[in-house]
Amino acid sequence: MDALMAARLQMGVSLGFHIIFACIGMVMPWFMFVAEWKWLRTNNPVYLDLAKAWSKGVAIFFAVGAVSGTVLSFEMGMLWPKFMEHAGPIFGMPFSWEGTAFFLEAIALGLFLYGRNRLNKRVHLYAGLVVGIAGVLSGIFVVAANAWMNAPAGFDWVNGHAENIDPVKAMFNKAWFSQAHHMTIAAFSATGFAVAGVHAVLYLRNKLEIHKKAITIALAFASVAAILQPLSGDLAAKNVAKLQPAKLAAFESHFETQKKAPLIIGGIPNEEKQEIKYAIKLPGFLSFLAHGDFNTEVKGLEEFPKEEWPPVPITHYSFQIMVGIGMFLMLIAVIFLAGTFKWEHWLEKKWWLKLLFIATPLGFIAVEAGWIVTEVGRQPWIIYGIMLTKDSLTPMPGIQYTFYTVSAVYLLLSFVVIWLLSRQIKMLHKKYLSNG
Amino acid sequence: MAEINLLILVVCLLLYVILGGADFGGGILELLTRGKAAGIVSKAIAPVWEANHVWLILVVVILFVGFPTVYSTVLTGLHIPVLLVLLGIIFRGTAFTFRHYDIEEARPKAIYSIVFQYSSLFTTFFLGVTLGGIILGKITLDYTYDFYTVFVLPWLNIFAVSMGFFMVLLFAFLAAIFTVSELNDEKHITYFSKVAKRLLLGLVLVGALVFGGAQLSGHPLLSEFLQSPVSLISITLATLALPFLWHFLNKPNRTLLRLIAGFQTTMIVTGWFAIQFPVLIKLKEGMDITLQNAAAPPKIQFYLLIALLFGVLVIFPSIAYLYKVFKFSNDSNAINNS
Ligand code: HDD
Ligand code: HEM
Ligand code: HEM
């Protein structure tokens, strides 16, 4: 493995790990807030138990999110010093606002987790809401920074240097909105289905009321998100078609420039032969998706010099996985919403609980796939059209070893977190069963 | 404006050393006292540790937004010790939280404790080594030298290593002070005051080692200190505070103990900064990275400052509230995570 590959993989592993905890940290506070609010309104102690049980999980996830995020803020400079030297001042503004958001989030979380017996009930409840709002804000800020890498703006590139930097223009670049809403919705959908799935499995085993309540809260958020997701994805795709035509061509495996370009579903792309086999092709639909008209021309990869092609198969498969999952989750969401009026009835159905169980990891798989589309699809650029990834690599040799180390640590950590959560759940059950 | 942002950076660093230091030191203190401190330290720290470490993130963000060459130079030349710090941060933060939240059971708890204690020591040590590397001036921008010269020499030297030990003692000392001022029962107060006094002695000794190490590593820290009035004054003040500290360790007074320890740390950081300024990183070749040549353009500094000031407006009141809710109440034992 060469150093560039190792560095890219290390960045990918670190971000791919962090994003799971970041999503949970953004969304779980909202669920906790609803549970807490319900408890205050209904006085049903099950809601209180739920809020408490969730808050322990959140504390664990939050800590892992915080340390992995801290690592990231150093890693960007350890792996890509040249990139950060130029990009830091330009895309740094969202990061500096994010600092404030993190702080608020961490403070409010401290109040929410430890303040139950010390704070006024309302103050405690709203501390939960502040955690949620600050979490979503910080997510939006980092994504704005990432969007700048896809749609660099707010500077003039003169002789390898940025001049006339305008941080506001850089932050509100052409990709920030489309990425920010898609990401936020994705976080709600992924976390919601994961939580609902875990509680569905538990409910299959033990018919405890707490799980029923948990599934309802999680699905209420997730289903709205899952229905919005394909719409928001469509906007994202249109934006990519405009800003990064090579990326769109890569994730669609669209080699030839065509009018009435077909939408390609599935298939195995072959970069050498510039063709895709075994795919379903819907003529004209790619033109429609990318530009809103069946007849428009869509640029194929052939328009770009080969050194500027992103890796085609990976981006293609990842895109298919994301969209496939998006459609499936939307289906579940529709079933859920259509059936709300007979909700009690459905929750006793095994097929429904099993369906939820199947959906448990899907949202997060789609999140990872979506990020691979975005990040690998930007290659070979680290700042699209401005700076190549390979030109910003650290001179430090032996990145292979740091990559192995970081991956091993995160793998270990993943196992420990899963083990911890299963222990928490067992505890909860013991408590309930002993109370009769 | 770059000066103001730099000042805010130093204040964040200082707060990280004082607040984060007490919590890193907590792990070291547990190790030194063979677990005696465990319950006390983690109870006192749990509600605030999430907030504590955001100071470090702020330092990093101010660096790469406002002083990008500093950020990239440090993270290249000191890649190895920084990586070690990061690994330590991962193990420390997670072990601490897991210990707090995992269900009560002796064996995993013991493992979390061991990981937390040793990684606290490890992380603090390499944090000191990294700082030593920044101060010493052996970092080079010429990457055509051999691996050893570019990536090892800047931090593997007597000075940086003694900075590592200094940091360990400083953090443990801060944690001991923090613990003493959190306690209510006489027996423990006496015990931890004794520990704090020993650490203080160690700190003075290692402080001397730091100056000696600098001389040996070719960095005349002592004479630079003597030439800068500001650092001379601050180190004198820090030294003058010692007897008071000693006195209040014999007759513990919560508020004064904390204030004096905080004051001393502030003086040490000020003293260091005064001799360094306006150089931010000394380079092997002599062409130092300074405030002037590292600062991002004024427009960037302006927006950075606005974000930071807004942050100050929002954050300080909320932090004060957080500390008020959890700290200045006498029933620190009542902190239970429901
Ligand atoms: C639950 C997760 C999830 C689901 C179901 C979907 N996405 Fe997605 N997608 C993401 C999660 C995600 C993401 C991880 O959040 C990304 C990565 C970067 C970003 O902003 O969002 C993303 C990126 C992303 C991009 C690249 C944006 C860029 O590079 O700027 C496109 C074109 C789409 N998505 C399109 C879709 C479509 C058409 C979907 C149809 C169902 C879809 N996504 C479902
Ligand atoms: C958390 C969600 C994210 C995930 C899962 C993710 C994933 C990845 C992956 C897989 C790569 C390697 C791509 C390749 O080299 O082929 C990468 C590269 C990179 N990402 Fe992201 N990314 C995320 C968000 C971000 C954000 C928010 C930023 C910055 C603001 C960012 C900055 C970078 C940088 C600097 C690189 C290295 C250069 C490059 O390969 O282009 N990423 N990321
Ligand atoms: C799309 C990508 C990302 C999203 C959505 C995201 C979001 C979040 C969120 C919500 C948190 C709060 C902690 C939690 O709740 O678990 C967090 C933590 C953190 N993130 Fe990320 N992040 C992303 C990528 C990055 C990148 C690229 C960096 C590097 C600069 C970063 C740096 C941090 C830091 C330093 C923390 C710890 C702050 C704390 O104490 O809460 N994040 N992130």
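The values are calculated or read from the model by the stated rules, or taken from the named source; none is laboratory data. The structure displayed is predicted, hence computed values, not measured ones. Note that each Cβ is placed from the backbone with ideal geometry, even for glycine, and that neighbours are counted across all protein chains shown. What goes into the accessible areas is simple: the full protein's heavy atoms, side chains included, and nothing from ligands, DNA or RNA. Shrake-Rupley method; radii C 1.70, N 1.55, O 1.52, S 1.80 Å.
Just grab the label-to-label distance for A:L331 and A:D234, each label 7 Å out from Cα along the Cβ direction, in nm (one decimal).
1.9
Given the alpha-carbon gyration tensor of the stretch A:113-154, what are the semi-axes of its equivalent ellipsoid in whole angstrom, ordered largest first, with each equal to the square root of 5 times an eigenvalue?
36, 7, 5
Mind listing the phi-derived Karplus ³J(HN,Hα) values for the stretch B:20-26, rounded to whole Hz, using 6.51, -1.76 and 1.60 with θ = phi - 60°, and x for any glycine or proline?
In residue order, the calculated couplings are x, x, 4, 8, 4, x, x Hz.
For the stretch B:57-91, list residues with backbone N below 15 Å from a point placed 7 Å from the Cα of B:D288 toward its Cβ?
Answer for the stretch B:57-91: B:70.
Work out, step by step, the length gained on full extension between B:I4 and B:D146: first 0.36 nm times the residue separation, then minus their alpha carbon distance; give nm to one decimal. Mind dumping the intermediate values first?
Values: separation 142, 0.36 × 142 = 51.12 nm, distance 3.80 nm.
My answer for the length gained is 47.3 nm.
Below 8 Å, C-alpha to C-alpha, sequence gap of six or more: please give me the relative contact order for chain A in percent. Walk me through the numbers on the way to the answer.
Numbers: 643 pairs, mean separation 82.5, N = 436.
Relative contact order for chain A comes out at 19 percent.
Determine one quarter of the surface area of the Cα convex hull of the stretch B:141-281, which equals its mean projected area, and express it in nm² to one decimal.
9.6
Starting from the Cα gyration tensor of the stretch A:1-143, take the square roots of the eigenvalues, sort them a ≥ b ≥ c, and report rounded, prolate or oblate (rounded when a/c is under 1.5, otherwise prolate if a/b is larger than b/c, else oblate).
prolate
Could you check the spin-label model distance between B:L201 and A:N120? Points 7 Å from the Cα along Cα→Cβ, value in nm.
5.2
What residue among B:F273, B:G212, B:I40 has its Cα farthest toward the positive end of the dipole of the stretch B:2-320, where the charges are +1 on Lys, Arg and -1 on Asp, Glu, each on the Cβ?
Going by the charge dipole, the pick is B:I40.
Can you list residues whose amide H is under 5 Å from B:I139's amide H, if they're 5+ apart or on another chain and H is modeled 1.01 Å from N?
Placed amide hydrogens put B:K284 under 5 Å from B:I139.
Show the residues, 5+ positions off or on another chain, whose built amide H is closer than 5 Å to the amide H of A:W381.
A:T389
Whose amide H sits under 5 Å from the amide H of A:L263, counting only residues 5 or more places off or on another chain, with H placed in the peptide plane?
Here A:L282, A:G284, A:F285, A:L286 satisfy the definition.
Please average, across the residues of B:59-71, the number of beta carbons from any other chain that are within 10 Å of each residue's own beta carbon, and give a whole number.
So the per-residue partner count for this stretch is 6.
How large is the Rg to Rh ratio of chain B when both quantities use alpha carbon positions and Rh follows Kirkwood?
0.96
For the pair A:E275/B:L242, report the inter-label distance in nm, with labels modelled 7 Å from Cα in the Cβ direction.
So the two model labels end up 8.3 nm from each other.
With every protein chain left in place, what is the accessible area per residue of the stretch B:2-320 in square angstrom, probe 1.4 Å?
In whole numbers, the stretch B:2-320 has 39 Å² accessible per residue.
Could you tell me the convex hull volume per residue, in Å³, taken over the Cα atoms of the stretch A:191-257?
So the per-residue Cα hull volume is 98 Å³.
In sequence order, what are the phi-derived ³J(HN,Hα) couplings for the stretch B:82-99 according to the Karplus relation 6.51 cos²θ - 1.76 cosθ + 1.60 with θ = phi - 60°, rounded to whole Hz, with x for glycine and proline?
5, 4, 5, 4, 5, 4, x, 4, 4, 5, 5, x, 6, 4, 4, 5, 5, 4
Can you work out the PRE-style zone for B:Q215? Point 7 Å along Cα to Cβ, and I want the residues of the stretch B:161-181 with backbone N under 20 Å.
B:161-166, by backbone N distance to the label point.
Multiplying the sequence separation of A:F294 and A:K354 by 0.36 nm and subtracting their Cα-Cα distance, what value in nm do you get? Each step should come with its number before you reach the end.
Values: separation 60, 0.36 × 60 = 21.60 nm, distance 3.94 nm.
Length gained between A:F294 and A:K354: 17.7 nm.
From largest to smallest, what semi-axes in whole angstrom does chain A give when each is the square root of 5 times an eigenvalue of its alpha carbon gyration tensor?
Taking √(5λ) for each eigenvalue gives 39, 27, 20 Å, largest first.
Over chain B, what is the relative contact order in percent, taking alpha-carbon pairs closer than 8 angstrom and at least six residues apart?
So the answer I get is 23 percent.
Can you give the helix-only mean residue ellipticity at 222 nm for chain B, where every DSSP H stretch with n ≥ 4 adds -39500 (n - 2.57) and the sum goes over all residues, rounded to the nearest 500 deg cm²/dmol?
Estimated from H runs of four or more residues: -26500 deg cm²/dmol.
Averaged across A:84-91, how many Cβ atoms of other chains sit within 10 Å of each residue's Cβ atom?
The per-residue average across the peptide is 6.
Which aspartates and glutamates, on any chain, are close to A:K38 with Cα under 15 Å apart, when same-chain ones fewer than 8 places away are left out?
A:D49, A:E209
Could you give each residue of the stretch A:391-398 its phi-based ³J(HN,Hα) in whole Hz, using Karplus coefficients 6.51, -1.76, 1.60 with θ = phi - 60°, and x for Gly or Pro?
6, 10, 5, 5, x, 4, x, x
Output the peptides B:280-288, A:50-58 sorted from most to least packed, where packing is the average of other Cβ atoms within 10 Å over each peptide's residues.
The packing order, highest mean first, is A:50-58, B:280-288.
Taking only Cα atoms of the protein assembly as shown, what ratio of Rg to Rh do you get with Rh as the Kirkwood inverse-distance radius?
0.98
May I ask you to derive the FRET efficiency for A:Y432 and B:A320 from their Cβ-Cβ distance with R0 = 35 Å, giving the value to the nearest 0.05?
Details: r = 40 Å, r/R0 = 1.14.
After rounding, the FRET efficiency stands at 0.30.
Within a Cβ distance under 13 Å of A:L282, other residues only, what is the Lys/Arg minus Asp/Glu net charge? Could you put the intermediate results ahead of the total?
Values: positive: A:K260, A:K281; negative: A:E252.
Summing Lys/Arg as +1 and Asp/Glu as -1 gives +1.
If packing is taken as the average count of other Cβ atoms within 10 Å, what order do A:236-247, A:118-129, B:15-26 fall into, highest mean first? Spell out each step's value before the answer.
Details: A:236-247: 20.5, A:118-129: 16.4, B:15-26: 25.2.
Per-residue Cβ counts within 10 Å, averaged per peptide and sorted highest first, yield B:15-26, A:236-247, A:118-129.
Compute the distance from the alpha-carbon center of the stretch A:30-83 to that of the stretch B:201-241, in whole Å.
Centre-to-centre (Cα) distance: 43 Å.
Counting only other chains, and only Cβ atoms inside 10 Å, what mean value do you get across the residues of B:82-89? Could you put the intermediate results ahead of the total?
Details: counts 4, 9, 0, 3, 13, 5, 0, 6.
Per residue, the number of nearby Cβ atoms from other chains is 5 on average.
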